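Contents: one structure, followed by commentary.
Just so it is clear, none of the values below were taken in a lab; they were calculated from the coordinates. These figures come from a predicted structure and were not determined experimentally. All Cβ positions, glycine included, derive from the backbone under ideal geometry; neighbour counts span all protein chains shown.
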Amino acid sequence: MRLGLIIYGSPDTVSGGYLYDRQLVAHLRAAGDEVEVISLPWRNYAAHLTQNFSIELRRRLAAARYDVLLQDELNHPSLFLLNRRLRPRVRYPFISIVHHLRSCERRPAWQNALYRCIEAAYLRSVDGFVFNSETTREAVSALTPHPQPFPLSRYRERGEGLRSIVAHPAADHLAPALTSAQIEARAIAAGPLRVLFVGNVIPRKGLHTLLAALAQVRGEWRLSVVGRLDADPKYGRRIMRRIRAMVETGSGASLLNRVSFLGRLSDAELRAQLETHHLLAVPSSYEGFGIVYLEAMAHGLPVIATTAGAAHEIVTPGVDGYLVPPEDPAALAGALQTFLADRERLRAMSLAARARYERHPTWAQNMSRVREFLISLAV
């Protein structure tokens, strides 16, 4: 097959969605397919809307001889009108890779009303979907309950076929090497509870909630934050001000000595952190899947996530982690306190987390399913 993939910025951008796209591209190329990555420049949302009227982009796509054009749904503001303008000029189908909808994130109602309108228009402009979770599929179905029929007549006859596929991300790219005995020994060893947060420091990831929760926890703990502090400079400064304010008021007197900001890490450096911590806590306000939860489980770390989004597809509460309401420091503190007070429970849940990872399909298995789906739609 010959495919195009439209993304924003660099394919090497650090996020779960970009990791998914990289894994899919690598799998397709390894299978002998040709994949052209079309990188659109990062701009603000309003500027992205103007890309729908780019004559250069429309001509480039119209001239391409793809069998399938893949589009990361993150690019929806640049494509919701362009797809309609392009449709009469090409034979290939448009397939959207949906990691999560922008309109599912927590923000002022008026903003999400605008995003829902534009996202719905985009979703109706494509021919099929690759979803990273059942939760994402349901969100798209709720936003576009009556999507346009898949225009099979435009392509070669192939029956009804599938219009979408759910293919979960995986975590075997980090090649976990810890044995069950090492996971058990780590859990019961003396010392403070070592909590890991992995994610760019942006409001959606909930680091402010985690800090507020840890300030309520009784006992010895340490927090390591992996991720760019400058991903959202305003929020990063807010986090540091919050820590200083908690220290000054006495509500978090030891926060400065207990919290370490490690910045962006390589895969090898992240693996080292996963091997030495006890649990992962990323209380996001919404996750379309949450690859980091599965990465943590691969290393025997129970996970504390939230009830918002798709974490429930990975975490079984009370077995391999806990799900708490978003923006609820008290509930999060209770889950953290449980791990700190009961190392035997930490041991059992660490082993259960590793077992959950081992039951999960690999990248190769799920990307192979995506490729078969794309072959069924190719012109």
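Take the Cα radius of gyration of the stretch 337-379 and divide it by 2.2 N^0.38 Å, N being the number of residues; the result is 2.04.
Selection among Gln216, Gly199, Ala310 by position relative to the dipole of the stretch 172-358 gives Gln216 as farthest towards the positive end (Cβ unit charges, Cα centre). Placing a label point 7 Å from the Cα of Arg345 along the Cα-to-Cβ direction, the residues of the stretch 200-223 with a backbone N closer than 14 Å are 218.
Sorted on the mean count of surrounding Cβ atoms within 10 Å across their residues, most packed first, peptides 99-107, 225-233 read 99-107, 225-233. In nanometres, what is the gap between the two model label sites at Leu265 and Ser376, each 7 Å from Cα along Cα-to-Cβ? Label at Leu265, label at Ser376, 4.0 nm between them.
Report the calculated FRET efficiency for Arg89 and Ala175 (r = Cβ-Cβ distance, R0 = 56 Å), to the nearest 0.05. After rounding to 0.05, the efficiency reads 0.80.
What list do you get for Met1, Met367 if you sort them by fewest beta carbons within 10 Å?
Met1, Met367
Of Leu19, Ser180, Asn112, whose Cα points farthest to the positive end of the dipole of the chain (charges on the beta-carbon: +1 Lys, Arg; -1 Asp, Glu; origin at the Cα centre)? Positive-most Cα among the choices belongs to Asn112.
Once you sort the root eigenvalues of the Cα gyration tensor of the chain as a ≥ b ≥ c, which label holds: rounded (a/c under 1.5), prolate (a/b larger than b/c) or oblate (the other case)?
prolate
Under the rule a/c < 1.5 gives rounded, and otherwise a/b versus b/c splits prolate from oblate, where does the stretch 69-113 land using the Cα gyration tensor? It is oblate, given that a/c is not under 1.5 and a/b is not larger than b/c.
Dipole size of the stretch 196-303 about its Cα centre, with +1 on Lys/Arg Cβ and -1 on Asp/Glu Cβ: approximately 480 debye, rounded to the nearest 20. The overall shape of the stretch 305-361 is oblate: from the C-alpha gyration tensor, with semi-axes ordered a ≥ b ≥ c, the ratio a/c is 1.5 or greater and a/b is no larger than b/c. Placing +1 on each Lys and Arg Cβ and -1 on each Asp and Glu Cβ, with no other charges, gives the chain a dipole about its Cα centre of roughly 1040 debye. Toward the positive end of the charge dipole of the stretch 250-379, about the Cα centre and with charges on Cβ (Lys, Arg +1; Asp, Glu -1), which of Val324, Ser376, Leu301 goes farthest? In the stretch 250-379, that residue is Leu301.
Cα centroids of the stretch 174-253 and the stretch 353-379: how far apart, whole angstrom? Measuring centre to centre over Cα atoms gives 32 Å. Exposure proxy ranking for Ile7, Ile291, Ile202, based on other Cβ atoms within 10 angstrom of each Cβ and starting from the fewest, stands as Ile202, Ile7, Ile291.
Is it possible to state the helix-based mean residue ellipticity at 222 nm for the chain, with each DSSP H run of 4+ residues giving -39500 (n - 2.57), the sum divided by total residues, to the nearest 500 deg cm²/dmol? What is it?
So the calculated ellipticity at 222 nm is -13000 deg cm²/dmol.
Computed log10 I(q)/I(0) for the stretch 172-358 at 0.08 Å⁻¹: -0.22, from the Debye equation with unit scatterers placed on every C-alpha and solvent omitted.
Charge dipole (Cα centre; +1 on Lys/Arg Cβ, -1 on Asp/Glu Cβ; no other charges) of the stretch 172-358 amounts to roughly 680 debye. You can think of it this way: the chain between Ile38 and Glu138 has 33.2 nm of extra reach, that is 0.36 nm per residue less the Cα-Cα gap.
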